[in-house]
Amino acid sequence: MHADYRSSPQARPVFPESADDAHPRCREMAEAMRELFSVGGGVRSKDLVGAGFSWTEIVEFRDAAARLATDASVRQITSRPDLMADIIEKARAPMPNRPPLPRDTKETQARLVDWGRYCTARAARVLDPWPGQRERCLNLLSLYLNRLPIFPANRETVLRAVEQTLPQVSQ
């Protein structure tokens, strides 16, 4: 009788479904790739050979290890909402790209424009501290804070804290 070798149960490779199922050498190569990339900005095959991997391992694991290295290097960063102390600190040392945003507040164009006006006024006050600049800064900060979803008492707390750091100018 003729045997059919096509249907014989041969050992077929089992591919991992997730990174946890990856071969240990693949995970080691991924970590080596991350280290090599952070030092030199790129990963070449000869770098992997220098790190102790054989050509066979490089051919077998390079693509999967590169995916694992990328997945391990990419993080989803979300900023937490600003607390009262954060709002006060940001108002005391304003930077245009760091507006205070409490919980449930999105960064909108209008808010950025208002915050930018306050930052500009604070910078102008440093360059030319005439008496009206202080009040201008406080008014622009008040305008920004009035558009945030915070309680009026908290707005007053921020304004008083900032007011204490802005010395009176007399002429």
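The values are calculated or read from the model by the stated rules, or taken from the named source; none is laboratory data. Bear in mind the structure is a predicted one, so any value in this text is a computation, not a measurement. Here the Cβ is made from the backbone with ideal geometry for all residues, glycine too, and neighbour counts use every protein chain on show. Quick note on the areas: whole protein, heavy atoms, side chains included, nothing else; ligands and nucleic acids left out. Shrake-Rupley method; radii C 1.70, N 1.55, O 1.52, S 1.80 Å.
Here are the numbers:
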{"item": "Nearest-20 debye value, the range 121-169 charge dipole, Cβ charges on Lys, Arg, Asp, Glu", "result": "100 debye"}
{"item": "Farthest toward positive dipole pole in the chain [+1 Lys/Arg, -1 Asp/Glu at C-beta], among 127, 66, 157", "result": "127"}
{"item": "Residue 39 accessible area, 1.4 Å probe, all protein chains in place, Å² to nearest 10", "result": "130 Å²"}
{"item": "Extension reserve of the residue 123-residue 79 stretch, reckoned as 0.36 nm per residue once the Cα distance is removed", "result": "13.2 nm"}
{"item": "Per residue accessible area in Å² of the chain, where ligands, DNA and RNA are left out and the probe is 1.4 Å", "result": "72 Å²"}
{"item": "Local net charge near residue 86, Cβ-Cβ under 14 Å (Lys/Arg +1, Asp/Glu -1)", "result": "+3"}
{"item": "Label selected from (i) 45, 41, 27; (ii) 45, 42, 33; (iii) 109, 36, 24, the criterion being Cα extents along the principal axes in Å as computed here", "result": "(iii)"}
{"item": "Distance in nm between pseudo-label sites at residue 169 and residue 95 (7 Å out along the Cβ direction from Cα)", "result": "2.4 nm"}
{"item": "Test item: Cα-centred dipole of the chain, Lys/Arg +1 and Asp/Glu -1 on Cβ, debye", "result": "800 debye"}
{"item": "Accessible-area composition of the chain, carbon plus sulfur, in percent [1.4 Å probe]", "result": "54 percent"}
{"item": "Accessible-area ranking of 29, 84, 95, largest first, probe 1.4 Å", "result": "95, 84, 29"}
{"item": "Theoretical ellipticity at 222 nm over the chain - DSSP helices of four or more residues, -39500 (n - 2.57) apiece, nearest 500", "result": "-19000 deg cm²/dmol"}
{"item": "Probe 1.4 Å, all protein chains present, accessible-area order of 31, 107, largest first", "result": "107, 31"}
{"item": "Whole-Hz ³J(HN,Hα) from phi, Karplus 6.51 cos²θ - 1.76 cosθ + 1.60, for the range 155-164, glycine and proline x", "result": "4, 5, 4, 5, 4, 5, 5, 6, 4, 5"}
{"item": "Projected label distance in nm at residue 153 and residue 107, using a 7 Å step from Cα toward the beta-carbon", "result": "3.1 nm"}
